[in-house]
Amino acid sequence: MSQSIGFFGAAETVTGSKHLLTLNGKKILVDCGIFQGRRELSERNWQPFPFDPNELDAVIVTHAHLDHIGMIPKLVKEGYKGPIYCTRATQGLAKISLPDSGRIQEEDARFANKHGSRHKPALPLYTEQDAYACLKRFVPLPYFDFQPLPGGGTFRFMPAGHILGSGFAEIYFENGERILMSGDLGRYNTPIIKDPTTVEYAEYLVVESTYGNKLHAHEDTVGRLEEIVKDAFADGGTVLIPSFSIGRTQEMLYYFRQLQDQGRMPRIPIYIDSPMAISATRLYADCTDEHDKEMKIAINNDESPLEPHLLTLVRDREQSKALNSSKGPMIIIAGSGMATGGRIVHHMIHRLGDPTTTLVFTGYQGEGTLGRKLIEGESPVYIHHQEVHVRAKVTKLNSLSAHADQEEILTWLGKFKAAPKHTFIVHGEPPAQHVLRDKIVEQFGWEVTIPKQGEVFPL
């Protein structure tokens with residue numbers, strides 16, 4: 001009997017999660033994410049997979065963010081024919097996000113060909129049709145139910161508290177040992193969905209480290225939002241919120257509705273300018289089995305916690321374009337969360353030069369992204385080959401994140417009743433990984449490794 005794990009993404013970086021388990025000769029891929037951010041990372045998406053898609057026996061998906069599922073259409077297009085296991089909500093979100101990603105890939109290729117590209121011609125990584133084709137292979141599973149795996153193992157999902165449908169993958173080998181794949185670890189006491197599941201035993205552990213060297217600020221998020229909105233209202237300005245369509249947009253809607261219900265927010269129009277976020281919000285409302293106690297109470301009281309007053313859902317392009325000629329005050333929530341594409345960048349082109357605009361970032365900004373540049377005060381910035389001078393106020397809600405910080409990761413790890421034989425730290429930039437490793441060794445005395453891209457370890 002032989003087992004191993006190979007790290008082919010999210011190794012010394014936060015994107016492109018791909019972890020390959022081999023169980024008795026059977027190959028099981030955990031996540032198949034796209035690389036995002038700086039060019040040297042995104043160019044990896046165009047390289048051949050470091051494994052043969054035809055030789056994979058199963059794929060397990062921890063959640064529906066593109067850095068965990070965004071390469072599945074390419075995987076299937078290149079020959080993968082097996083099941084793609086996920087939770088019910090992850091399947092629902094994948095039906096929204098993957099075709100959207102395919103459309104964006106096609107649009108980017110058309111734009112590049114129109115405005116000049118070093119590729120002759122520029123091609124999409126995959127198409128919308130490729131995305132629809134791969135969705136046929138998704139197999140939804142309930143939390144906690146065991147599923148047999150090729151190679152004699154079994155596995156189950158446990159709620160990870162990161163986004164709707166997110167799950168730790170607990171994989172049992174034939175000899176009874178297990179490896180726990182954290183995917184992305186969520187936070188405690190956040191709105192809408194349940195907290196991360198307590199785990200007490202695993203012989204091997206793969207844990208994320210996005211914020212392994214940071215503590216989230218203990219900021220009054222609702223109070224800070226109140227200040228931003230009131231200031232914008234007084235200036236007659238626009239609040240631009242680049243937001244992840246899945247998870248963060250729903251959290252923002254929840255907070256705006258809370259402010260309204262408490263009488264702490266002026267009457268100001270709110271626009272969700274993202275078809276994907278609109279669909280995801282509907283799914284968040286429908287998946288009542290994943291709601292936390294407060295969310296369930298609000299729904300039972302018919303309070304519509306994800307539907308603030310004066311909300312407009314912007315679905316088509318013409319509606320979106322019309323917003324650029326609209327005067328404030330107003331709030332526009334649009335993807336993408338790191339301002340790497342989507343409708344938010346068009347709003348930025350039109351509004352970053354206006355000092356009455358407030359640009360509010362609500363999550364992690366990866367290295368090399370437009371969001372990171374703006375947070376660091378860069379001006380001018382270049383958006384779709386246009387030079388944009390930044391006169392808008394740029395701020396960040398520091399307490400918002402779907403990822404556990406260092407203290408929360410250590411709290412979750414501290415619930416283990418026995419030390420894993422080996423812990424692998426992934427999904428983080430090197431400074432975060434090294435600090436977290438040292439903290440784990442210091443606090444628990446565990447054996448910890450930070451794998452490099454392409455490294456394989458026996459289990």
Determine if segment 379-393 includes at least one residue that is within 27 Å of Asn189 (Cα to Cα) and at pLDDT 95 or above. no
Residue under evaluation Ser399, criteria (1) touching a strand residue (DSSP E or B) at 6+ places or on another chain (Cβ under 7 Å); (2) farther than 20 Å from Gly37 by Cβ; (3) at pLDDT below 95; (4) among the small types (Gly, Ala, Ser), criterion not met: (1)
Answer yes or no as to whether Leu164 is assigned by TED's automatic domain parsing to the domain that holds Ala419 and either aliphatic (A, V, I, L, M) or under 27 Å from Pro430 (Cα atoms) (or both). yes
If I filter segment 344-360 down to residues being among the polar types (S, T, N, Q) and in a loop (DSSP other than H, G, I, E, B), which single residue comes out as nearest to the chain's Cα centre (by Cα)? Thr357
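For every residue, the table says whether it meets (1) under 21 Å from the mean Cα position of the chain (by Cα); (2) crowded, with 20+ Cβ neighbours inside 10 Å.
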residue	(1), (2)
Pro150	no, no
Ala160	yes, yes
Ile171	no, yes
Gly176	no, no
Ser182	yes, yes
Ile192	yes, yes
Pro196	yes, yes
For residues in segment 366-382 being of a type outside the set (Val, Ile, Thr) and in contact with a Gly (Cβ under 6 Å, 6 or more places away or on another chain), which is surrounded by the fewest Cβ atoms within 10 Å (Cβ to Cβ)? Glu367
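Return the residues of segment 112-167 that are among the polar types (S, T, N, Q) and under 30 Å from Leu400 (Cβ atoms); say none if nothing qualifies.
Residues of segment 112-167 that are among the polar types (S, T, N, Q), as a first pass: 113, 117, 127, 129, 147, 154, 166.
Within segment 112-167, just Ser166 meets the criteria.
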Can you tell me which of (1) basic (Lys, Arg); (2) assigned by TED's automatic domain parsing to the domain that holds Gly176; (3) under 24 Å from the mean Cα position of the chain (by Cα) is the one Lys439 doesn't meet? (3)
Show the residue pairs meeting these rules: Cβ distance below 9 Å; 6+ apart or different chains; first residue within segment 386-413 and within 19 Å of Gly328 (Cβ to Cβ); second residue of a type in the set (S, T, N, Q) and crowded, with 20+ Cβ neighbours inside 10 Å. Arg391/Thr357; Ala392/Thr238; Ala392/Thr357; Ala392/Thr358; Lys393/Thr357; Lys393/Thr358; Val394/Thr358; Thr395/Thr358
Which of the strands (runs of 3 or more DSSP E) contained wholly in segment 158-248 include at least 3 residues that are touching a residue at least 12 places away in the same chain (Cβ under 8 Å) and closer than 21 Å to Ala94 by Cβ? 167-172
Condition set part of a strand (DSSP E or B) and of a type in the set (Lys, Arg), scope segment 24-45, selection nearest to Met71 (Cα to Cα): answer is Lys27
Looking only at segment 5-23, decide whether some residue is among the aromatic types (Phe, Trp, Tyr) and outside any loop (DSSP other than H, G, I, E, B). yes
The residue from Gly341, Gly337, Gly263 that alone is without any contact (Cβ under 8 Å) to a residue 40 or more places away in the chain and in a loop (DSSP other than H, G, I, E, B) is Gly263
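The values are calculated or read from the model by the stated rules, or taken from the named source; none is laboratory data. Every value quoted in this text rests on a predicted model; they were computed, and no experiment measured them. Don't worry about glycine lacking a Cβ; one is built from the backbone with ideal geometry, like all the others, and counts go over all protein chains shown.
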